[in-house]
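Following: one structure in structure tokens, then a few remarks.
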Amino acid sequence: MATNPYHIPRSQVDVEALAHTLFTYYKLSMVDGIAINKDVSARDAAIKKLEERTNVRFAPTMDPGAVVAYGSDPDPTLARLDAEIAKEPKSIEDHVWRLQCVGTAMLLFIEYKIHLPLLAHQELSVKVMNQAAKRANIFFKQARQSPPSEAGTVSPVSSNRAGPSTAAPAHPTTPPPSSISDSNLKLSDLEIEAYLDSPTKMFNMQFKYLASEDSGLWELHSNLNTREGTEYYITMDGCDGTLPLDRGALRSMLEDSVITRS
């Protein structure tokens with residue numbers, strides 16, 4: 001049986017540091033998502049310009065292995081991404097670029113800093129995701145009262161990573177899969193994949209996110225096809241504007257949701 005190169009001893013797992021970093025990525029995704037959706041035309045122009053920058057080092061991707069090969073050290077790549085993320089955006093183009101960097105960083109972080117290192121400590125993995133989810137829910141509530149603050153709020157992400165690392169990939173960014181109530185109404189894996197492949201089927205449908213402390217009601221607002229895959233934008237009770245999700249993130253939402261209107 002192959003050895004997991006990312007495994008870390010239980011004594012070295014820092015749940016608080018991991019949850020803080022993941023929450024920071026969640027928060028910036030929301031901040032940038034709201035910023036770029038204030039002007040759809042400018043957003044689309046910025047996305048097109050970004051796609052034309054074929055020489056950029058961190059192009060958005062749904063495949064972590066395309067960014068860091070399994071068995072390699074993800075830290076140098078995460079450090080470069082975090083350096084880009086720490087720059088204060090001054091335009092929609094800056095927000096679009098940072099959102100792509102945040103998405104790629106989350107892709108790597110969840111796989112190489114949470115999923116793979118904690119395979120032997122599943123309860124700690126769940127605790128990390130739950131803590132990040134609770135903080136995200138609180139932030140969403142606060143965002144209702146006032147616009148999300150700029151990333152002046154971001155502490156250097158790299159300093160909050162827990163556990164040694166030696167390598168590689170897995171699955172995309174995910175929104176909080178917090179403590180979920182059991183329900184026979186949850187979607188099957190086949191149903192979820194069908195919706196992800198044909199997102200227009202979700203238009204006019206309403207879902208309830210079981211992990212939310214509020215009503216948890218959300219809907220798919222729109223989707224955008226790019227070279228790297230599909231980006232989905234949802235609206236959720238208690239949140240202003242739309243929230244951007246990649247395929248992995250929306251899959252997690254659907255796994256932890258039930259249909260309330262079809």
Given (1) in a loop (DSSP other than H, G, I, E, B); (2) at pLDDT 90 or above; (3) not charged (D, E, K, R), identify the lone condition not met by GLY71. (2)
Could you list, in sequence order, the residues of the stretch 244-262 that are of a type in the set (A, V, I, L, M) and either out of contact with any helix residue (DSSP H, G or I) (no Cβ under 7 Å at 6 or more places or on another chain) or within 15 Å of MET106 (Cα to Cα) (or both)? LEU245, ALA249, LEU250, MET253, VAL258, ILE259
Let me spell it out: the conditions are (1) surrounded by 20 or more Cβ atoms within 10 Å (Cβ to Cβ); (2) out of contact with any Ser or Thr (no Cβ under 9 Å at 6 or more places or on another chain); (3) within 21 Å of HIS95 (Cα to Cα), and LEU243 meets all of them except one. Which number is the exception? (2)
Has the stretch 3-21 got any residue that is at pLDDT below 90, surrounded by fewer than 15 Cβ atoms within 10 Å (Cβ to Cβ) and not assigned by TED's automatic domain parsing to the domain that holds VAL126? yes
Residue selected from the stretch 82-114 under the condition surrounded by fewer than 23 Cβ atoms within 10 Å (Cβ to Cβ) and among the acidic types (Asp, Glu), by the criterion farthest from VAL40 (Cα to Cα): GLU84
Condition (residue is part of a helix (DSSP H, G or I), over 21 Å from ILE36 (Cα atoms) and without any contact (Cβ under 8 Å) to a residue 12 or more places away in the chain) applied to the stretch 74-81: is it met by at least one residue? yes
When the stretch 74-105 is examined, which residues are found to be more than 18 Å from LEU224 (Cβ to Cβ) and either hydrophobic (A, V, I, L, M, F, W, C) or at pLDDT below 90 (or both)? LEU78, ALA79, LEU81, ALA83, ILE85, ALA86, ALA105
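Kindly evaluate ILE8 against the criterion of being within 25 Å of GLN131 (Cα to Cα) and in a loop (DSSP other than H, G, I, E, B).
So ILE8 passes the test.
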Looking only at the stretch 207-248, and only at residues there that are more than 16 Å from ILE138 (Cα to Cα) and charged (D, E, K, R), the one that is modelled with the highest pLDDT: GLU219
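The values are calculated or read from the model by the stated rules, or taken from the named source; none is laboratory data. Note that the coordinates shown come from a computational prediction; the quantities given were computed from them, not determined experimentally. As a convention, Cβ positions derive from the backbone with ideal geometry for all residues, glycine included, and neighbour counts pool all protein chains shown.
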